[in-house]
1. I need a count of the residues in segment 112-127 that are farther than 25 Å from residue 148 by Cβ, assigned to a helix (DSSP H, G or I) and not hydroxyl-bearing (Ser, Thr, Tyr).
2. Based on what the data block shows, is residue 100 modelled with pLDDT of 95 or more and outside any helix (DSSP H, G or I)?
3. Would it be correct to say that residue 108 is part of a helix (DSSP H, G or I), farther than 18 Å from residue 55 by Cα, open to solvent by less than 40 Å² (accessible area, probe 1.4 Å) and in contact (Cβ under 8 Å) with a residue 40 or more places away in the chain?
4. For segment 273-300, how many residues are more than 19 Å from the chain's Cα centre (by Cα) and either part of a loop (DSSP other than H, G, I, E, B) or not assigned by TED's automatic domain parsing to the domain that holds residue 329 (or both)?
5. For segment 162-185, what are the residues that are out of contact with any Pro (no Cβ under 7 Å at 6 or more places or on another chain) and over 19 Å from residue 106 (Cα atoms)?
6. All but one of (1) polar (S, T, N, Q); (2) touching a Phe, Trp or Tyr at 6+ places or on another chain (Cβ under 6 Å); (3) part of a helix (DSSP H, G or I) hold for residue 270; state the number of the condition that does not hold.
Amino acid sequence: MNLHLENLPRTISVHWAVDNLADAANGDAARAGCGGVSCGDAVVDAGVPAVPQVAMIDQRALPSELVEIRTSDWRQVVDAVKTLAVRGAPAIGVAGAAAVMLAAYELAERGAPAASTAAALFAVRLREAARVIAEARPTAVNLSWGVNRAIQVAAGALKAGKTPRQTAEALRELTGDLIVEDEAINRAVGAHGAAPLAPIAAAKERPLTILTHCNAGSLATAFYGTALGVVYAAAEQGLVERVYADETRPVGQGARLTVWELSRAGVPATLICDNMAASLMAAGRIDAVVVGADRIAANGDAANKIGTLGVAVLAHHFGVPFYVAAPESTRDNACATGADIPIEERDAAEVLAHPIEGVEVFNPAFDVTPAALITAIITEKGVWHPGS
Ligand SMILES: CSC[C@H]1O[C@H](OP(=O)(O)O)[C@H](O)[C@@H]1O
């Protein structure tokens, strides 16, 4: 199978606004931004410091339109996370750090009444913004992880005597590093995840059919993906025949994002309704399930998109191996078990576009799969068997 991962867009990147101004001036608007490389300290014109822009694929427009949101306003990044313009645990982790970066640039320009208190006031205001950013979505621990990474870098910079502007620069460097780091982690997750699939394919003497739920692909991360990262790594080893993608109601990440991503990557995909997985497994047409995760408790219980628990129960019943693929940053040992994981409830309109008088809607965005139903959890460090 020839993969074409070059056809997949970068989910999130950082650009200098000056690029756009300069490029617009000379007509070279196509120049790439700083997706992970230091851009130095750019200045738009006489003494006016540039501020970076965060570019995010607007996943609400997919699959019909591939469009970006570009902003220097951290509040717009928070809104993009809340509205699922950018979504997926690792992707919102990077977005969280990027939002703190933009807040730092804004606060650095705001200054303070007295130079002596500037750094202290900057630090207080930055923590206030960071709290708002971290509260954008409650379940994926990666969001607070990304925000905390940024706050730690900011605290270190200020403690070293850096100015607010220099601290903002350090956060831009961090954001670019997190983008590069996330892709490397995902490729390691993919490599570790392909390993347990190889003996299954050998025993069947053919490549495998893999069921996925939601989208834990490149679009859910900075690039490459976690569950689909396992698919891509396995496909490059000739271990994948086809991916069956659950449409994943109510938001349709499978129908809108996963099959779009797989088609661009060159992986054969079949879209199914969520209620079709059981009959496919009963017919022996699913060889393995691979899903992502938003938060993994200390005992291995894993929170993921609503519906994942049902797929895990079916897989257990039909003897289909069930794998969770996620970066180590998704593990939260502060949650002893899945019962401790906060589950986001989203707007009723995602389920019922036109309200019906007297009818209530329950719309939890995630559920928790107990470790006992998980064959193995795959991270960049290797394969973990929590239920055994
Ligand atoms: C590798 S992404 C992990 C996880 O995030 C998705 O949720 P959402 O689309 O609401 O951000 C989904 O649960 C993925 O499996």
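The values are calculated or read from the model by the stated rules, or taken from the named source; none is laboratory data. Small disclaimer: the values here were computed from a predicted structure and weren't measured. Note: ideal-geometry Cβ built from the backbone for every residue, glycine included; neighbour counts use all protein chains shown. Accessible surface areas use protein heavy atoms only, side chains included; no ligands, DNA or RNA. Shrake-Rupley method; radii C 1.70, N 1.55, O 1.52, S 1.80 Å.
1. Residues meeting the conditions: 1.
2. When the stated conditions are applied, residue 100 does not pass them.
3. Judged against the criteria, residue 108 is a match.
4. 9
5. Result: 177, 178, 179, 180, 181, 183, 184.
6. Residue 270 satisfies all of (1) polar (S, T, N, Q); (2) touching a Phe, Trp or Tyr at 6+ places or on another chain (Cβ under 6 Å); (3) part of a helix (DSSP H, G or I) except (3).
Per-residue answers, yes or no, for (1) in contact (Cβ under 8 Å) with a residue 60 or more places away in the chain; (2) more than 16 Å from the ligand (Cβ to nearest atom); (3) surrounded by fewer than 22 Cβ atoms within 10 Å (Cβ to Cβ); (4) assigned by TED's automatic domain parsing to the domain that holds residue 233:
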| residue | (1), (2), (3), (4) |
| --- | --- |
| 326 | yes, no, no, yes |
| 336 | no, yes, yes, yes |
| 345 | no, no, yes, yes |
| 359 | no, yes, yes, yes |
| 363 | yes, no, yes, yes |
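Conditions (1) more than 22 Å from residue 84 (Cβ to Cβ); (2) among the small types (Gly, Ala, Ser); (3) under 27 Å from the mean Cα position of the chain (by Cα), marked per residue:
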| site | (1), (2), (3) |
| --- | --- |
| 121 | yes, no, no |
| 127 | yes, no, yes |
| 132 | no, no, yes |
| 135 | no, no, yes |
| 138 | no, no, yes |
| 148 | yes, no, yes |
| 153 | yes, no, yes |
| 162 | yes, no, no |
